[in-house]
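Comments concern the structure below.
The values are calculated or read from the model by the stated rules, or taken from the named source; none is laboratory data. Not measured: the values here are computed from a predicted model. In this analysis, Cβ positions are derived from the backbone assuming ideal geometry, glycine residues included, and neighbour counts consider all displayed protein chains. In case anyone asks, the SASA skips ligands and DNA or RNA and just uses the protein heavy atoms, side chains included. Shrake-Rupley method; radii C 1.70, N 1.55, O 1.52, S 1.80 Å.
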Amino acid sequence: SQTIHQWPATLVQPVGSPLSLECTVEGTSNPNLYWYRQAAGRGLQLLFYSVGIGQISSEVPQNLSASRPQDRQFILSSKKLLLSDSGFYLCAWTFGSNSPLHFGNGTRLTVT
Amino acid sequence: DAKTTQPPSMDCAEGRAANLPCNHSTISGNEYVYWYRQIHSQGPQYIIHGLKNNETNEMASLIITEDRKSSTLILPHATLRDTAVYYCIACDLNAGGTSYGKLTFGQGTILTVHP
């Protein structure tokens, strides 16, 4: 069966510091991968998605970037964090078409 | 995505069936109905999805009306661990462009299962 791992679970970073969140999927190959953000009390916002190695599509212009160096690895980065980057970051995968998205347990980021 | 409407909250006794309704009157022919739930501080958990026919898996059953304008998620024997926010989403994940893989979660239904 497929599993998705995200780390770290929680993170507190000062404004202006860099960020790197990692997500890996096991038990499948060539998944579609996604980064979402959930702000407190609000819905999910799609940040990036990837249909293959090196292929990244950005949904929202922002202070973040994403990379997919390997088939089952998806990384979310920032060079300098802003207070507004605080939130709950979720990685998800799917086989594509209309197969459902499966989410990781998320990383709760607090920028101070 | 089609707009969905869910009651803000529901209660259910442990061991009884929980029936969570969802209206999606503007759903288009290519849009599936997906159900997720989210327990505080965890990622959303996929429950079930369907297009036209009723669906059942180890977690729940999904009943979609013939006109597809509404659906009901059924948890047959609710437990305390089923207490969560339940989201109904109607979308075509294969639509391409800005809709590709984009799940839009509304406010959902807060289901509270009581002992």
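Observations
- Restricting the range A:80-112 to residues that are within 13 Å of A:GLN38 (Cβ to Cβ) and open to solvent by 20 Å² or more (accessible area, probe 1.4 Å), the residue that is farthest from the other protein chains (Cβ to nearest Cβ) is A:SER86.
- Residues located in the range B:23-37, provided they are buried (at least 21 other Cβ atoms within 10 Å of the Cβ) and not in a loop (DSSP other than H, G, I, E, B): B:VAL33, B:TYR34, B:TRP35, B:TYR36, B:ARG37
- When A:ASN63, A:ASN30 are checked against the criterion of being away from every other protein chain (no Cβ under 11 Å), open to solvent by 60 Å² or more (accessible area, probe 1.4 Å) and not acidic (Asp, Glu), A:ASN30 stands alone in meeting it.
- Qualifying residue in the range A:41-54 (condition: modelled with pLDDT of 90 or more and among the basic types (Lys, Arg)): no
- Looking at B:ILE47, B:ILE63, just one residue is part of a strand (DSSP E or B) and either among the acidic types (Asp, Glu) or open to solvent by less than 10 Å² (accessible area, probe 1.4 Å) (or both), and that residue is B:ILE47.
- Count - residues of the range B:89-114 that are at pLDDT 95 or above and of a type outside the set (Val, Ile, Thr): 2
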